[in-house]
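Quick notes on the structure that follows.
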Amino acid sequence: MSEQQFDIVVVGAGPGGYVAAIRAAQLGFKTAIVERENLGGICLNWGCIPTKALLRSSEIHHLLHNLDAYGLKADNISFDFKKIIDRSRKVAGQLSGGIKHLMKKNNITVFDGTGKLLGKGKLSVTKDNKPVAELKAPHIIIATGARARVLPGLEPDKLVWTYREAMTPSEMPKSLLVIGSGAIGMEFASFYRNMGAEVTVVELIDRILPVEDADISAFARKAFEKQGMKIMTGAKVAKLNRGANDVEAEVDIGGKIEKIKVERVISAVGIVGNSENLGFENTKVKVDRGHIVVNQWLQTDEPGVYAIGDVVQGPWLAHKASHEAIICVEKIKGLNDVHPLKIDNIPGCTYCMPQVASVGLTEAKAKEKGYTVKVGKFPFIGNGKAIALGEPEGFVKTVFDAKTGELLGAHMIGAEVTELIQGYGISKTLEATEIELMHTIFPHPTLSEMMHESVLDAYGKVIHM
């Protein structure tokens, strides 16, 4: 089989890989991309996008059962669970087709199969253990993503699900145990609770949403429990006893075993990088706990080999992967205005109800780093737009360096905060201080006014509270 020559070959077509390929093509590189499953990767096909479609259905279902608050009425409210799942899959399919169009538009050669390094600048592509192609390129970008972590005793089957099984069930479970309260766990817990399932969440540490600010975690817990969700923190699942169509979980909470019987279990205990079987054994590429080690320019220790996205260190977010893709390719090109990724500028979003969004340091982390901080808060109940929307639950919190006025972090919980957080993201990128934020005019009536008020509150100038 003759070798095909390219300038850049990307392995993996998720939000890191396909963005890398497009940017490479834009910069004049002859580019190929290798994907073993679906263009768009996990995010588009099995993660970010289809879960949002599911959550949208559950939000509407929740709203239909609370129409009286808006002076409206509907009788005999019901849902077709199969259609809800089908819609989610169609949304994913539509966008995957869009990625295929972008590959063609940018003259990117797509290889259907699995990529493996053969040596310096060489890569094989196989499909079903049969050779597809041999590629040669001076630059190879690994963007193979990650998969759900599977712990012993939590292996997926018809009763125990990872995110994949939870996204395509054949029927709606009446009761559910979610193990892990990170973004994935709480999004599925929120979806199924809003669709009517009895939901219990078990979290190993002492609070849910552990990467978020402690005030956000506390508010979220109260909100979820108010919705009827049962939450067990400082707890772990010691054993699962699988029946014919249900599971009895033995939950260890403070040394005491509590037994919970549910129809289904969702395991959301993290991810593992897809760093195996890539031909690294004859290279200088290092792998640490399943994730490829890279420098600030996404370069591995092997010249000409790079890695981006969920297969490298966290946070494991699609938008981080896409930004890494741009940095990596533009550095290869030798552009002058390339800047390394700033972890503190990466926003995080959880699309549960209420939504959660944040960027930068939590109050606790800022203090750990030695900052003297000024903290501002503003509640949704003080915002006219939130009250008009019937969404008065939530708050915005900002953390500033008391000495310089630098915005260190921003944290939100409530309606549409995943859309609002980017305002603070831009502020952090521009290295804005409280002065610029105070003098920014926020339109009225909008939810964004709470962002302004939170800044004002940090400096004793809040108006509407």
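The values are calculated or read from the model by the stated rules, or taken from the named source; none is laboratory data. It should be emphasised that the depicted structure is a prediction, and the values quoted were computed from it without experimental measurement. Cβ atoms come from the backbone with ideal geometry, glycine included; neighbour counts cover every protein chain shown. Note: accessible area is taken over every heavy atom of the protein model, side chains too, but ligands, DNA and RNA are not part of it. Shrake-Rupley method; radii C 1.70, N 1.55, O 1.52, S 1.80 Å.
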Which numbered condition residue 84 misses (of (1) outside any strand (DSSP E or B); (2) among the aliphatic types (A, V, I, L, M); (3) under 20 Å from residue 280 (Cβ atoms)): (3)
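Which ones in the stretch 356-378 are open to solvent by less than 70 Å² (accessible area, probe 1.4 Å), free of Cβ contacts under 8 Å to residues at least 40 places away in the same chain and touching a strand residue (DSSP E or B) at 6+ places or on another chain (Cβ under 9 Å)? Break it down stepwise before answering.
Taking the stretch 356-378 and keeping what is open to solvent by less than 70 Å² (accessible area, probe 1.4 Å), we get 356-364, 366, 370, 373, 375-376, 378.
From what is left, the residues that are free of Cβ contacts under 8 Å to residues at least 40 places away in the same chain are 370, 373.
The answer is 373, and nothing else.
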All but one of (1) open to solvent by 10 Å² or more (accessible area, probe 1.4 Å); (2) under 30 Å from residue 272 (Cβ atoms); (3) of a type in the set (D, E, K, R) hold for residue 333, so report the exception by its number. (2)
Looking only at the stretch 317-347, how many residues end up being under 15 Å from residue 426 (Cα atoms) and of a type in the set (S, T, N, Q)? 1
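Would you be able to tell me the number of residues in the stretch 244-266 that are closer than 15 Å to residue 159 by Cα and either touching a residue at least 12 places away in the same chain (Cβ under 8 Å) or of a type in the set (D, E, K, R) (or both)? Lay out the reasoning, then the answer.
Of the stretch 244-266, the ones closer than 15 Å to residue 159 by Cα are 244-249, 260-266.
Retained after the next criterion (residues that are either touching a residue at least 12 places away in the same chain (Cβ under 8 Å) or of a type in the set (D, E, K, R) (or both)): 245-249, 260-266.
Count: 12.
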Within the stretch 304-318, is there a residue that is surrounded by fewer than 15 Cβ atoms within 10 Å (Cβ to Cβ) and aliphatic (A, V, I, L, M)? no
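Listed here are the residues, each with its yes/no results for (1) open to solvent by 40 Å² or more (accessible area, probe 1.4 Å); (2) under 17 Å from residue 382 (Cβ atoms).
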site: 412; (1), (2): no, yes
site: 415; (1), (2): no, yes
site: 423; (1), (2): no, no
site: 427; (1), (2): no, no
site: 437; (1), (2): no, no
site: 447; (1), (2): no, yes
site: 450; (1), (2): no, yes
site: 455; (1), (2): no, yes
site: 465; (1), (2): yes, yes
Has the stretch 43-51 got at least one residue that is farther than 30 Å from residue 104 by Cβ and either touching a strand residue (DSSP E or B) at 6+ places or on another chain (Cβ under 7 Å) or surrounded by 13 or more Cβ atoms within 10 Å (Cβ to Cβ) (or both)? no
The one condition in (1) of a type outside the set (Ser, Thr, Tyr); (2) out of contact with any Gly (no Cβ under 7 Å at 6 or more places or on another chain); (3) assigned to a helix (DSSP H, G or I); (4) over 26 Å from residue 100 (Cα atoms) that residue 20 fails to fulfil: (4)
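Which of the residues belonging to the stretch 379-410 are part of a helix (DSSP H, G or I) and either open to solvent by less than 10 Å² (accessible area, probe 1.4 Å) or not small (Gly, Ala, Ser) (or both)? Break it down into steps so the answer makes sense when it comes.
Filtering the stretch 379-410 for residues part of a helix (DSSP H, G or I) gives 380-382, 384-389.
Scanning the stretch 379-410 gives 380, 381, 385, 386, 387, 389.
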Within the stretch 311-351, the count of residues that are farther than 20 Å from residue 268 by Cβ, in a loop (DSSP other than H, G, I, E, B) and among the hydroxyl-bearing types (Ser, Thr, Tyr) comes to 0
Among 59, 35, the single one that is open to solvent by 30 Å² or more (accessible area, probe 1.4 Å) and either touching an Asp or Glu at 6+ places or on another chain (Cβ under 7 Å) or acidic (Asp, Glu) (or both) is 59
Residue that is more than 30 Å from residue 193 (Cβ to Cβ), among the hydrophobic types (A, V, I, L, M, F, W, C) and open to solvent by 50 Å² or more (accessible area, probe 1.4 Å), where the choices are 343, 327: 343
Looking at 465, 438, 450, can you tell me which residue is touching a helix residue (DSSP H, G or I) at 6+ places or on another chain (Cβ under 8 Å) and modelled with pLDDT under 95? 465
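Restricting the stretch 187-214 to residues that are assigned to a helix (DSSP H, G or I) and in contact with a Phe, Trp or Tyr (Cβ under 8 Å, 6 or more places away or on another chain), which is surrounded by the fewest Cβ atoms within 10 Å (Cβ to Cβ)?
Just the residues of the stretch 187-214 that are assigned to a helix (DSSP H, G or I), to begin with: 187-194, 214.
Those left that are additionally in contact with a Phe, Trp or Tyr (Cβ under 8 Å, 6 or more places away or on another chain): 187-190, 193.
Details: 187: 28, 188: 25, 189: 27, 190: 29, 193: 23.
Ranking the candidates gives 193 first.
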